[in-house]
Amino acid sequence: MASILNTAAEAGCFKTLLAAVAAAGLSEALDGPGPFTVFAPVDDAFAALPAGTVQTLVDNPPQLARILKYHVLAGAYPQAQLVSQSDWPSLEGAPIPIRRSEPFEVKNATVINADIVCDNGVVHVIDRVILPG
Amino acid sequence: MIPPSTHKYADVIHRLEAGGSMLPDTPENLEQIIGIYKAYAVPMDFYWRDLLYIAERVFLNPLPAFKYFISKQYMDLANSYSGDNSKLRIWRGGEKAHPELVAFMKRGETISMPKILHHLWHDRINMEFAEACMQAMFWHQDMGGRFNDYLESKAYLANADRAIKAYFKGNPLMLLLYKLFPEMFIEQVRQLSYYSNLGLFWEVMAPVFFEMSDLYDEGGINSVPEAMDFLVNGIFAVAGRPIYHHVYMGNECIEIIPKSEGFTWLYEAALPYVEAVFYRTSPFRGTKSYNAQANQVPADQADFHYGILYADVYPVGSAGIPPTLLMQDMLHFLPAYLEATYQNHGRGDEDKLIQLGITFQRSMYNVTSAVIQALRCALLYPLTDPDLEHLLANRRFFEAQMDRFLRPEARLSDIQQQNYR
């Protein structure tokens with residue numbers, strides 16, 4: 001098995017996410033033992049944000065890190081476990097609501113590929129960038 | 001399709017669901033709101049510069065008589081979001097203070113004379129309005145974001161302590177006072193952090209409004225929803241802008257709130273600002289007075305409803321009242337087409353402040369619409385989502401937002417009519 005970041009790199013559809021993780025200085029932490037649950041937005045999810053949104057965040061690593069940490073839980077949780085609870089505390093601090101189990105929806109994003117098990121956690125691929133609030 | 005809403009403001013909700021604004025899409029509404037955005041942007045270009053000047057340079061000056069006498073450095077400060085050197089260029093104009101602002105500061109309404117005379121004659125930009133907005137944010141506090149919580153943290157107290165001791169270095173009297181009344185000094189620093197917060201917020205809004213005015217003049221914005229969408233995109237574009245508080249003593253910089261705390265323009269400035277200033281503020285003493293003992297002022301701060309979205313522009317229209325101070329500031333920078341509109345309605349010059357106050361109210365309903373649509377976009381679903389449950393979630397969100405305008409003071413019904421002037 002590979003780590004979360006290696007798995008994402010091999011998938012090929014997380015280029016923006018990986019660049020953002022590197023810009024925010026989170027690569028080392030996410031390559032650590034964890035375990036983590038990562039809700040990983042695909043490239044199209046970042047591209048759907050209005051112009052300038054990603055650039056402003058990339059220019060400001062602490063602010064970018066905050067948004068990225070909202071996509072991560074401490075602990076490895078598969079879909080079956082996540083749907084048993086309405087809210088999960090993100091590493092950012094704000095809760096991530098689980099809105100539907102079928103189809104599996106995390107906040108206002110739909111999970112398009114769940115339960116990708118990695119060395120240091122679980123990845124759920126989502127179709128939108130989720131934001132605290 | 002989901003069934004029609006049965007809310008009192010169902011028409012407005014259906015308009016929002018179709019991608020529109022709370023303000024009806026008419027050519028006159030568009031002309032009015034763009035004209036007033038421009039008139040607002042010029043004094044705002046002063047507000048943000050002076051707010052940062054006070055937060056970063058005047059700081060704890062015990063006699064800040066000259067805090068509105070902004071230094072040349074701050075008048076020439078490059079806006080982070082306009083001009084050729086900005087990382088994310090929103091306003092195509094120059095980087096220094098707007099030329100109309102510079103011209104007004106020289107002449108005012110009277111003649112060119114020394115700055116001190118303009119100040120004493122009150123022939124100047126009314127910074128008191130900006131400070132009233134800052135105080136509304138400072139006082140209401142619990143409006144989301146983490147800024148306020150941080151002001152109580154150990155890290156903040158340590159940074160503020162360092163800044164206070166550095167600022168009063170060599171001043172035994174002030175250091176003694178600090179030792180005797182530490183909380184008084186810390187509370188002043190907290191307020192100064194809100195000066196910085198609001199300054200950084202408005203630094204973004206000024207070029208956004210200038211750009212909208214320029215685009216409208218060129219024919220680039222042709223409807224109220226287009227104006228709203230421009231604002232929605234602007235909100236997203238700068239959402240991640242850091243909110244911080246740095247203090248400079250000579251060349252030394254003390255970071256009271258470092259950028260590394262991760263505070264953002266959207267969560268720690270824009271959303272609290274909209275809540276504190278558009279919705280809540282405080283009961284201004286105009287020609288109308290409030291009796292708190294008779295429960296005319298809510299006991300719960302969250303129920304305060306004295307912002308521009310609820311204001312009866314006429315009774316608060318008295319000298320020295322913060323909304324009137326802003327109206328007076330905007331009066332100096334009205335585009336010609338808005339001047340002509342006011343001359344053709346009401347009592348012309350005689351009630352121009354009231355007319356432009358109501359125009360401002362219309363324009364802020366449009367800004368609030370942009371905030372509502374941006375939140376819907378960020379937290380909920382696209383308006384064209386094929387999933388009915390998602391559309392119903394959007395509907396519940398819009399209805400909850402409109403619930404805030406059910407109280408009789410709300411002006412949402414009024415702005416639906418063009419003859420509300």
Boolean, B:Asn61 is over 23 Å from B:Met402 (Cβ atoms), within 14 Å of chain A (Cβ to nearest Cβ) and assigned to a loop (DSSP other than H, G, I, E, B): no
Within region B:108-213, helices (runs of 4 or more DSSP H) holding 1 or more residues that are among the acidic types (Asp, Glu): B:127-140, B:147-150, B:154-167
Qualifying residue in region B:273-290 (condition: more than 18 Å from B:Met127 (Cα to Cα) and within 14 Å of chain A (Cβ to nearest Cβ)): yes
Single unsatisfied condition, A:Leu91 versus (1) open to solvent by less than 50 Å² (accessible area, probe 1.4 Å); (2) modelled with pLDDT of 95 or more: (1)
Which numbered condition B:Glu109 fails, given (1) away from chain A (no Cβ under 14 Å); (2) within 18 Å of B:Leu200 (Cβ to Cβ): (2)
Number of the condition not met by B:Ala103 [criteria: (1) open to solvent by less than 80 Å² (accessible area, probe 1.4 Å); (2) more than 14 Å from chain A (Cβ to nearest Cβ); (3) of a type outside the set (Phe, Trp, Tyr); (4) in contact (Cβ under 8 Å) with a residue 40 or more places away in the chain]: (4)
Test: residue in region B:205-217 that is over 20 Å from B:Ala39 (Cα atoms) and either within 14 Å of chain A (Cβ to nearest Cβ) or touching a Pro at 6+ places or on another chain (Cβ under 7 Å) (or both): no
Number of positions in region B:243-261 that are modelled with pLDDT of 95 or more and surrounded by fewer than 23 Cβ atoms within 10 Å (Cβ to Cβ): 10
Among residues of region B:78-89, those that are open to solvent by less than 50 Å² (accessible area, probe 1.4 Å) and either within 22 Å of B:Ile54 (Cβ to Cβ) or under 20 Å from the mean Cα position of the chain (by Cα) (or both), counted: 4
Complete set of residues in region B:146-177 that are surrounded by 15 or more Cβ atoms within 10 Å (Cβ to Cβ) and within 14 Å of chain A (Cβ to nearest Cβ): B:Arg146, B:Phe147, B:Tyr150
Enumeration of residues in region B:232-266 that are farther than 18 Å from B:Asn79 by Cα, more than 7 Å from chain A (Cβ to nearest Cβ) and among the hydroxyl-bearing types (Ser, Thr, Tyr): B:Tyr248
Where a residue in region A:119-133 is within 14 Å of chain B (Cβ to nearest Cβ) and touching a residue at least 24 places away in the same chain (Cβ under 8 Å) and its partner, wherever it lies, is in a loop (DSSP other than H, G, I, E, B) and of a type in the set (Ser, Thr, Tyr), with Cβ under 8 Å and at least six apart: A:Ile130/A:Tyr70; A:Leu131/A:Tyr70; A:Pro132/A:Tyr70
Which numbered condition B:Met143 fails, given (1) hydrophobic (A, V, I, L, M, F, W, C); (2) within 14 Å of another protein chain (Cβ to nearest Cβ); (3) open to solvent by 60 Å² or more (accessible area, probe 1.4 Å): (3)
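Results for (1) more than 18 Å from B:Phe304 (Cβ to Cβ); (2) crowded, with 22+ Cβ neighbours inside 10 Å, shown as yes or no for each residue.
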| residue | (1), (2) |
| --- | --- |
| B:Ser369 | yes, yes |
| B:Pro382 | yes, no |
| B:Glu389 | yes, no |
| B:Leu392 | yes, no |
| B:Phe397 | yes, no |
| B:Arg404 | no, no |
| B:Glu409 | no, no |
Residues located in region A:33-45, provided they are open to solvent by less than 20 Å² (accessible area, probe 1.4 Å) and within 16 Å of A:Ala65 (Cβ to Cβ): A:Val38, A:Phe39, A:Ala40, A:Pro41
Strands (runs of 3 or more DSSP E) wholly inside region A:1-117 that include at least 3 residues being away from every other protein chain (no Cβ under 12 Å): A:36-41, A:72-74, A:87-89, A:95-101
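The values are calculated or read from the model by the stated rules, or taken from the named source; none is laboratory data. Keep in mind that this is a model prediction, so the values were computed, not measured. For neighbour counting, all protein chains shown are included, and Cβ atoms are generated from backbone atoms with ideal geometry for every residue, glycine included. SASA here: full protein model, heavy atoms, side chains in, ligands and nucleic acids out. Shrake-Rupley method; radii C 1.70, N 1.55, O 1.52, S 1.80 Å.
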